[in-house]
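Just so it is clear, none of the values below were taken in a lab; they were calculated from the coordinates. Keep in mind the model is a prediction, meaning the values are calculated, not measured. A quick note on method: Cβ atoms are made from the backbone with ideal geometry, for glycine too, and the neighbour counts reach across all protein chains shown.
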């Protein structure tokens, strides 16, 4: 095994970053300005110091998109309880969005679309946000958005991204689950992580960067170390459900 120099490591990282397809985890979302169903929006002003879910859909007046945005409207109280803002985007114009919202609300009785939907007829926004679907085109041959979703932190950096094809609708329960995971990790300054299939209230694992001595101080409620054949004590569970 040959250890790489710092310069070689930096060159490798730069090469990988250059090949990454646009906005990705850790990047700051651009401060876009766009027309929307709520008027002109400056993205950074809209986000403020909140967590934000930024999501795209291929086109208005289409079946899967109608079910998705309806479900997003139904889950709006869940997101609001977590201090999360929502904003959608597609390549249709504002008039189209407003007309389509009537269909969305009819499909989802009792739920109102209270979040803004950005208009991006020139595809500038979806390109900057890495939301273009290379396989889907409109009738004129222009690219359409994918079913992309970015969870953006209060620091305006992307914390998580989903990228679904046009044929597959997103799962809002999973969106809530990963949002809870991100917020929980942030609450403990990323000294904990959430294991497979984790849901809010389940035990979390303690980061390997935290020593056992530090863990005792950080988690006075205690923790359990799983005994493994390797005899390494890296798998440590603790419950932070009632920890402020």
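Using the count of nearby Cβ atoms within 10 Å as a rough guide to exposure, how do 168, 225 rank from fewest to most?
Listed from fewest to most nearby Cβ atoms, that is 168, 225.
What percent of all Cα-Cα pairs in region 70-169 falls in each 10 Å bin, counting up from 0?
Computed distribution, short to long bins: 14, 42, 38, 6, 0.
Tell me, how many Å apart are the Cα centres for region 25-42 and for region 86-122?
A separation of 16 Å, based on Cα centres.
Above 14 angstrom, tally the Cα pairs of region 24-69 and express them as a % of all pairs, no decimals. Don't skip to the end; give the middle numbers.
Details: 654 of 1035 pairs.
Summing the P(r) tail past 14 Å for region 24-69 gives 63 percent.
State, to one decimal in nm², a quarter of the convex hull surface area for the C-alpha atoms of region 188-238, i.e. the direction-averaged projected area.
For region 188-238, the mean projected area of the Cα convex hull comes to 3.9 nm².
Can you tell me the length gained on complete extension of the stretch residue 138 to residue 232, counting 0.36 nm per residue apart and subtracting the Cα distance? Each step should come with its number before you reach the end.
Numbers: separation 94, 0.36 × 94 = 33.84 nm, distance 5.47 nm.
Answer, rounded to one decimal: 28.4 nm.
Rounded to the nearest 10 degrees, what's the angle between the helix 94-107 long axis and the longest principal axis of the chain, both from Cα atoms, 0 to 90?
70
Given q = 0.20 Å⁻¹, what are the Debye log10 I(q)/I(0) values for region 36-115, with equal point scatterers placed on the Cα positions and solvent ignored?
-0.92
What ranking do 92, 124 get, fewest neighbouring Cβ atoms within 10 angstrom at the top?
With the fewest neighbours first, 92, 124 line up as 124, 92.
If I take R0 = 22 Å and measure r between the Cβ atoms of residue 102 and residue 35 in this structure, what FRET efficiency does the formula 1/(1 + (r/R0)^6) give, to the nearest 0.05?
Working from the Cβ atoms, E equals 0.70.
Report the Stokes-Einstein translational diffusion coefficient (µm² s⁻¹, integer) for region 118-244, Rh taken as the Kirkwood radius over Cα pairs, at 4 °C with viscosity 1.567 mPa s. Don't skip to the end; give the middle numbers.
Values: Rh = 17.5 Å.
Once the numbers are plugged in, D ends up at 74 µm²/s.
Quick one, can you get me the convex hull of the C-alpha atoms of the chain expressed as volume per residue in Å³?
Working: hull volume 43.4 nm³, N = 244.
That works out to 178 Å³ per residue.
For the chain, what does the relative contact order come out to in percent, with C-alpha contacts under 8 Å and a separation of six or more?
Taking the mean separation of contacting Cα pairs over the length of the chain, I get 18 percent.
Report the paramagnetic label zone for residue 93: residues of region 120-150 whose backbone N is under 19 Å from a point 7 Å from Cα along the Cα-to-Cβ axis.
Backbone N within reach: 120-126, 138-145.
Quick one: helix 172-187 against the long Cα principal axis of the chain, what's the angle to the nearest 10°, folded into 0 to 90?
Approximately 50 degrees, to the nearest 10.
With n ≥ 4 as the cut-off for DSSP H runs, can you work out [θ] at 222 nm for the chain, using -39500 (n - 2.57) per run divided by the number of residues, rounded to the nearest 500?
Mean residue ellipticity at 222 nm (helix-derived): -9500 deg cm²/dmol.
Could you state the angle between the C-alpha long axis of helix 6-19 and the longest principal axis of the C-alpha atoms of the chain, as a value from 0 to 90 degrees rounded to the nearest 10?
30
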